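Student: One structure coming up, written as structure tokens, with questions to follow.
None of the figures in this text is laboratory data; all of them are computed from the coordinates on show. What you see is a predicted model; the values in this text were computed from it and never measured. Cβ placement follows ideal geometry from the backbone for every residue including glycine, while neighbour counts extend to all protein chains displayed.
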Amino acid sequence: MGTEKINRLKIVLVEQGKTGKWLAEQLGKNEATVSRWCSNATQPSLEMLMKIAEILEVNAKDLINKGKFD
């Protein structure tokens, strides 16, 4: 269960040609924190997920992997 990919943040960043460093700068967060989100080592809070969606101009649902949460 530990290897489950909950968020699609890395995929969305790649699709948009953006980097974790760029996102970290937009959020005022440490690049290492964003990197952990991208690798699914940790998850952003719901509030942060909404902020990320706004910055990337996507629906927050697009940042979450479908699966058993469907």
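Student: Taking K and R as +1 and D and E as -1, what net charge do the other residues with C-beta under 12 Å from the C-beta of LYS10 add up to?
Tutor: Details: positive: LYS5, ARG8, LYS18, ARG36; negative: GLU15.
Cβ neighbours under 12 Å give a net charge of +3.
Student: Please find the FRET efficiency linking ALA32 to GLU4, where r is the Cβ-Cβ separation and R0 is fixed at 25 Å, and quote it to the nearest 0.05. Could you put the intermediate results ahead of the total?
Tutor: Working: r = 21 Å, r/R0 = 0.85.
Efficiency computed from Cβ-Cβ geometry: 0.70.
Student: Mind giving me the FRET efficiency for SER39 and LYS66? R0 is 22 Å, r the Cβ-Cβ distance, nearest 0.05 is fine.
Tutor: Numbers: r = 19 Å, r/R0 = 0.88.
The value I calculate is 0.70.
Student: Taking θ as phi - 60°, what are the ³J(HN,Hα) couplings along segment 36-53 by the Karplus curve (6.51, -1.76, 1.60), each to the nearest whole Hz, with x for Gly and Pro?
Tutor: Taking θ as phi minus 60°, the curve returns 5, 5, 5, 8, 6, 6, 9, 10, x, 5, 4, 4, 5, 4, 5, 5, 4, 4 Hz for segment 36-53.
Student: Give me the net charge for the shell around ASN40: Cβ to Cβ below 11 angstrom, other residues only, Lys and Arg +1, Asp and Glu -1. Don't skip to the end; give the middle numbers.
Tutor: Numbers: positive: LYS5, ARG8, LYS10, ARG36; negative: GLU4.
Combined, the nearby Lys, Arg, Asp and Glu give +3.
Student: Once Rh for segment 9-63 is found with the Kirkwood sum over Cα pairs, what is the Stokes-Einstein diffusion coefficient at 10 °C and 1.306 mPa s, in µm²/s?
Tutor: Numbers: Rh = 10.9 Å.
Translational diffusion coefficient: 146 µm²/s.
Student: Please give the net charge around ALA60, taking every other residue with its beta carbon less than 12 angstrom from that of ALA60, where Lys and Arg add +1 and Asp and Glu add -1. Could the numbers behind the result be given before it?
Tutor: On the way: positive: ARG8, LYS51, LYS61; negative: GLU47, GLU54, GLU57, ASP62.
That works out to -1.
Student: Where does the chain land at 222 nm, in deg cm²/dmol rounded to the nearest 500, when only DSSP H runs of n ≥ 4 count, each adding -39500 (n - 2.57), divided by all residues? Don't jump to the answer; show the numbers that get you there.
Tutor: Details: 4 runs with 35 residues, N = 70.
After summing the helix terms and dividing by the residues of the chain, the value is -14000 deg cm²/dmol.
Student: Quick one: which residues, 5+ away or cross-chain, put their amide H under 5 Å from the amide H of ASN7? H built at 1.01 Å from N.
Tutor: Under 5 Å from the amide H of ASN7 lie the amide H atoms of ASN65, each far enough along the sequence or on another chain.
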